[in-house]
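Structure first, then comments.
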Amino acid sequence: MQIIVLFGPPGAGKGTQSEFLVEQYGLVHLSTGDIFRSHIKGQTVLGTTAKSYMDQGKLVPDAVTIEMLADAVTQNTGAKGFIFDGFPRTEAQAIALDSLMATLGECVDAMLALEVPEAELKVRLLERGKTSGRPDDADPNVIQKRIDVYNAETAPVQKYYEAQGKFIGIPGVGSIQDITNRLRAAIDSL
Ligand code: AMP
């Protein structure tokens, strides 16, 4: 299996780039944000729990997120590989992902991190908020909170993968195609 963690702050382009990579490499795309949003749409208990955190720009608790991700992986054990988008966002999640992959006899190949300056992220998220229908994109205070949470809780996960020699930084500013080409070059060199 090919197992890629696509990392980066909110608005870095993880969702957009995942679409191209899925098409190119035939990997299963698991976005914890998308899975939470589908639970909110379906009005499940998990959706109600997740929404209370997401609307404030906070992380959903690890136990809830890890269990949901493990279920999604278990439903796709025949996959050629995975692209994880928006997961792991804490060190506890990164450790849980390693354990989960170990149960499949697999391991994460690389963390590809899209690097985008904070000012650019805010512009992109506000722009996306005009059409995404996401309450967390529409409010500048929630956008700032998500960026602050990223810097405090998620950015340190980079060190976890650096320690395993799996971290690859990718400049995330430029045309969508240029960024896809950078990601492809990184994956093809693995
Ligand atoms: P995203 O679609 O990746 O921007 O995620 C939207 C929101 O879903 C985040 O702001 C969090 O509230 C929640 N979320 C998504 N993925 C995770 C995760 N791995 N851990 C905790 N919360 C998450």
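The values are calculated or read from the model by the stated rules, or taken from the named source; none is laboratory data. This one's a predicted model, so the numbers in the text were calculated from it and none came from an experiment. Glycine gets a Cβ as well: all are built from the backbone with ideal geometry, and neighbour counts include every protein chain shown. Accessible surface is based on the protein model in full, side chains and every heavy atom, while ligands, DNA and RNA are left aside. Shrake-Rupley method; radii C 1.70, N 1.55, O 1.52, S 1.80 Å.
Can you tell me which condition ASP109 does not meet? The list is (1) away from the ligand (no atom under 12 Å from the Cβ); (2) at pLDDT below 95, and all the others hold.
Result: ASP109 fails condition (2) only.
Exactly one of (1) over 24 Å from TYR161 (Cα atoms); (2) surrounded by 15 or more Cβ atoms within 10 Å (Cβ to Cβ) is unmet by ALA72. Its number?
That leaves (1) as the condition not met.
Might you let me know whether segment 52-62 holds any residue that is over 17 Å from the mean Cα position of the chain (by Cα), closer than 27 Å to GLY129 by Cα, surrounded by fewer than 19 Cβ atoms within 10 Å (Cβ to Cβ) and hydroxyl-bearing (Ser, Thr, Tyr)?
Checked against the condition, which is being over 17 Å from the mean Cα position of the chain (by Cα), closer than 27 Å to GLY129 by Cα, surrounded by fewer than 19 Cβ atoms within 10 Å (Cβ to Cβ) and hydroxyl-bearing (Ser, Thr, Tyr), segment 52-62 yields at least one hit.
State which residue pairs qualify: first residue within 21 Å of PRO88 (Cα to Cα) and inside segment 128-149, second residue assigned to a helix (DSSP H, G or I) and not charged (D, E, K, R) in any location, beta carbons under 6 Å apart, and separation of 6 or more residues or different chains.
Cβ pairs passing all conditions: ASP136/MET54; ASP136/VAL142; ASP137/LEU125; ASP137/GLY129; ILE143/LEU125.
Take TYR150 and tell me if it is farther than 24 Å from MET54 by Cα and buried (at least 18 other Cβ atoms within 10 Å of the Cβ).
no
Just to be sure, is LEU30 hydrophobic (A, V, I, L, M, F, W, C), touching an Asp or Glu at 6+ places or on another chain (Cβ under 9 Å), at pLDDT 95 or above and assigned to a strand (DSSP E or B)?
Yes; evaluated as a whole, the condition is true for this residue.
Out of the residues in segment 59-96 meeting the condition of being touching a strand residue (DSSP E or B) at 6+ places or on another chain (Cβ under 6 Å) and of a type in the set (A, V, I, L, M, F, W, C), tell me which one is nearest to the ligand (Cβ to nearest atom).
PHE84
Can you tell me which residues in segment 133-171 are in contact with a helix residue (DSSP H, G or I) (Cβ under 6 Å, 6 or more places away or on another chain) and not β-branched (Val, Ile, Thr)?
Listed by number, the residues that qualify are ASP136, ASP137, ALA138, TYR160, PHE167.
Can GLY47 be described as within 13 Å of the ligand (Cβ to nearest atom), out of contact with any Leu (no Cβ under 6 Å at 6 or more places or on another chain), open to solvent by less than 40 Å² (accessible area, probe 1.4 Å) and touching a residue at least 12 places away in the same chain (Cβ under 8 Å)?
no
Checking the structure you have, find out if any residue of segment 46-57 is modelled with pLDDT under 95 and among the aromatic types (Phe, Trp, Tyr).
Within segment 46-57, none of the residues are modelled with pLDDT under 95 and among the aromatic types (Phe, Trp, Tyr).
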